[in-house]
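Below is one structure; the comments refer to it alone.
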């Protein structure tokens, strides 16, 4: 199995190179829009799109051969994604352009990249840290994407493809229960409290509400409610706050996922998680306060799942997703339905009581064993057999 790692590296172009980059980004976007308009919407194959518009892309937009091929590939990929989501392809904007090995190369000797722009080849300096230098040292990447961010900075996203190690074959499974009170709880007893995250999110929410109120104020006939420049600064502050909160959430999910994968690798175990797809649609139908609805909708559980998946592939740790049905309501000892109240779980059948998230994580571990192991989970199968035996021995009603 191959795994692709994308490194975001900041560029340091000269003023002349900035002009050439802008022209390329605009030509790439215009070419994508042209190809999307000229080719029938149902066609998603990049080869078929190329056969229809390749010559026009070269002549009309001044693109090189490989740049025209990248345009066709971009349009085809966008159409496939839009088809899966049931939406039309949106207008392409001049914010990115794709490069392959013939129009892009990385030069370690002077830490720069060589890009084919509209007027020819340009060598652009990189501004990278130790992490990017360590990953790029001795490598010859063959694909990249040139991007322009909202702040006007230019980045090159370099793709590195490696062969991932074979996944671990083990009879051990670590279950991971996702939640808001505890962001993650493992069946081994490790947990990450979500109190700090909720406090920070509430702080950002209150700050955004205050700044947004100032940004939306207008002058009236009786009094002045802020100047135009002050409202502009408020809008800029809102954008910075949004990025700051997003980066904190991403850092936290990176830390949690890395710790879980490290533990699984040290124990030679598989990781089982809950498949929470569609949980927002289900929970939003329930009557809740405005604060609870905001906290639930800002819960980045899918990002945490993605981080676990790609870190697991990189380290050779298999990550499986199981159905979350009744994992938090079932007793892991006797497999009977119990009562969960906040953080406490009580079983009326066997009398076990304790941490509700730990109970759910152990259930996820047991179900993960039944999914990944050839013979299934011995504990789960024995408990099920005992349950069936008790049911058959009980008198008929």
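The values are calculated or read from the model by the stated rules, or taken from the named source; none is laboratory data. This structure is a prediction, so every number in the text was calculated from the model and none was measured. Cβ sites come from the backbone with ideal geometry, for glycine too, and all protein chains shown count toward neighbours.
Among the candidates 12, 56, 17, the residue that is over 18 Å from residue 103 (Cα atoms), in the same structural domain as residue 114 (by TED's automatic domain parsing) and in contact with a strand residue (DSSP E or B) (Cβ under 8 Å, 6 or more places away or on another chain) is uniquely 12. Set side by side, the residues 87, 102 differ, and just one is part of a loop (DSSP other than H, G, I, E, B), surrounded by fewer than 20 Cβ atoms within 10 Å (Cβ to Cβ), without any contact (Cβ under 8 Å) to a residue 40 or more places away in the chain and touching a helix residue (DSSP H, G or I) at 6+ places or on another chain (Cβ under 6 Å), which is 102.
Looking at this structure, is residue 92 modelled with pLDDT of 95 or more, outside any helix (DSSP H, G or I) and in the same structural domain as residue 150 (by TED's automatic domain parsing)? Give the derivation first.
Details: modelled with pLDDT of 95 or more: yes; outside any helix (DSSP H, G or I): yes; in the same structural domain as residue 150 (by TED's automatic domain parsing): yes.
In short, yes.
When the helices (runs of 4 or more DSSP H) confined to the stretch 288-384 are screened for residues that are surrounded by fewer than 18 Cβ atoms within 10 Å (Cβ to Cβ) and modelled with pLDDT of 85 or more, those reaching at least 2 such residues are found at 301-315. Could you list, in sequence order, all residues of the stretch 34-51 that are within 22 Å of residue 103 (Cβ to Cβ) and crowded, with 16+ Cβ neighbours inside 10 Å? The answer is 34, 35, 36, 46, 49, 50.
Okay, residues lined up against (1) over 25 Å from residue 203 (Cβ atoms); (2) modelled with pLDDT of 80 or more; (3) not assigned by TED's automatic domain parsing to the domain that holds residue 318:
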{"site": "238", "(1), (2), (3)": "no, no, yes"}
{"site": "241", "(1), (2), (3)": "no, no, yes"}
{"site": "257", "(1), (2), (3)": "no, yes, no"}
{"site": "265", "(1), (2), (3)": "yes, yes, no"}
{"site": "275", "(1), (2), (3)": "yes, yes, no"}
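Screening residue 115 with (1) part of a loop (DSSP other than H, G, I, E, B); (2) surrounded by 15 or more Cβ atoms within 10 Å (Cβ to Cβ) gives one miss only, at (1).
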